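The values are calculated or read from the model by the stated rules, or taken from the named source; none is laboratory data. Just so it is clear, the model here is predicted, and its values are computed rather than measured. Cβ sites come from the backbone with ideal geometry, for glycine too, and all protein chains shown count toward neighbours. All accessible areas refer to the heavy atoms of the entire protein, side chains included, with ligands and DNA or RNA removed. Shrake-Rupley method; radii C 1.70, N 1.55, O 1.52, S 1.80 Å.
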Amino acid sequence: MEKQADHPDFMALALAEAQKAADRGEVPVGAVLVDPKIQAVVAAAGNQVESDHDPTAHAEMLVIRAAAAARSDARLAGFDLYVTLEPCPMCATAISFARLRRVEFGAYDPKGGGVDHGPKIFSQPTCHHQPEVIGGVREQEASKMLKSFFAERR
């Protein structure tokens, strides 16, 4: 059974960012960072790895960077991240360092994930901060977008 988010409209925005990324030829992953106190998106992005020629330009990294810069603060405690794919180990570590409150993600990533799969960053004893994690939010939509993207390229 697919899990539902507390605020599915935020995941819808992340899915829209993922579609924009796909339209640019990027792997379709989208993210939005939300201030839950005011229910407002503070940053939104899709992957820009190819366009920026930057292997760290994942959607999660981009929204964390944008929000931290806008706030002039590396800590984003209390903020929530909605992302269409389980964060990779790099992004999960950045999420921990940023002290995000919650992460809601769409599709699981058994091959490259770093939250429920792989190194399970938030479960490591060296992890400084563990956010609340909700996986499988609108999983079918997110998974379908990724599968379609890769099927077109094979």
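With all protein chains in place and ligands, DNA and RNA left out, the 1.4 Å accessible area ranks Met11, Met90 as Met90, Met11, largest first. In the chain, taking the dipole from charged Cβ atoms about the Cα centre, the farthest positive-side position among Thr126, Ser96, Ala31 is held by Thr126. Database remark: amide H of Leu85 closer than 5 angstrom to the amide H of Gly30, Gly106, Ala107 (H placed geometrically; neighbours at sequence offset of 5 or more, or on other chains; Pro and chain starts carry no H). Here the calculated FRET efficiency for Ala74 and Gln130, from their Cβ-Cβ distance with R0 = 22 Å, stands at 0.80, rounded to the nearest 0.05. Compared with the dominant principal axis of the Cα atoms in the chain, helix 59-71 is inclined by about 40°. Given their separation in residues at 0.36 nm each and the Cα-Cα distance between them, Ser148 and Thr56 gain 30.8 nm when the chain is fully extended.
Largest first, the residues Tyr108, Tyr82 sort by 1.4 Å accessible area into Tyr108, Tyr82.
For region 34-50, backbone phi angles converted through the Karplus equation (6.51, -1.76, 1.60; θ = phi - 60°) give residue-by-residue couplings of 10, 8, x, 5, 10, 6, 10, 6, 9, 7, 9, 6, x, 3, 9, 4, 6 Hz, Gly and Pro being listed as x. Taking Cβ atoms as reference points and 9 Å as the exclusive limit, the residues near Val115 contribute a net charge of -2, counting Lys and Arg as +1 and Asp and Glu as -1. Computed from phi, the 3J(HN,Hα) profile of region 91-105 under the Karplus parametrisation 6.51, -1.76, 1.60 (θ = phi - 60°) reads 5, 4, 5, 4, 4, 5, 4, 6, 6, 4, 6, 9, 10, 10, 10 Hz, with x in place of Gly and Pro.
Considered as an equivalent ellipsoid built on the Cα gyration tensor, the chain has semi-axes of 21, 17, 16 Å, the largest given first. Helix 8-23 against the longest principal axis of the chain: what's the angle in degrees, Cα atoms only, rounded to the nearest 10? Compared with the principal axis, the helix lies near 50 degrees. For the set Lys37/Lys111; Lys20/Lys147; Lys120/Lys147; Lys20/Lys120, the pairs lying more than 26 angstrom apart at their alpha carbons are Lys37/Lys111; Lys20/Lys120. Taking Cα atoms only, the orientation of helix 139-152 departs from the longest principal axis of the chain by about 50 degrees.
Close amide H partners of Val133, meaning residues 5 or more places away or on another chain with modelled amide H under 5 Å apart, are Val103. Put a plus charge on the Cβ of each Lys and Arg, a minus charge on the Cβ of each Asp and Glu, and nothing anywhere else: the dipole of region 1-105 about its Cα centre is then about 420 debye.
What is the sum of charges around Leu76, taking Lys and Arg as +1, Asp and Glu as -1, for the other residues whose C-beta is under 11 Å from the C-beta of Leu76? It works out to a net charge of +2.
Separation of region 9-34 and region 83-151 by C-alpha centroid, Å? Going from one Cα centre to the other spans 15 Å.
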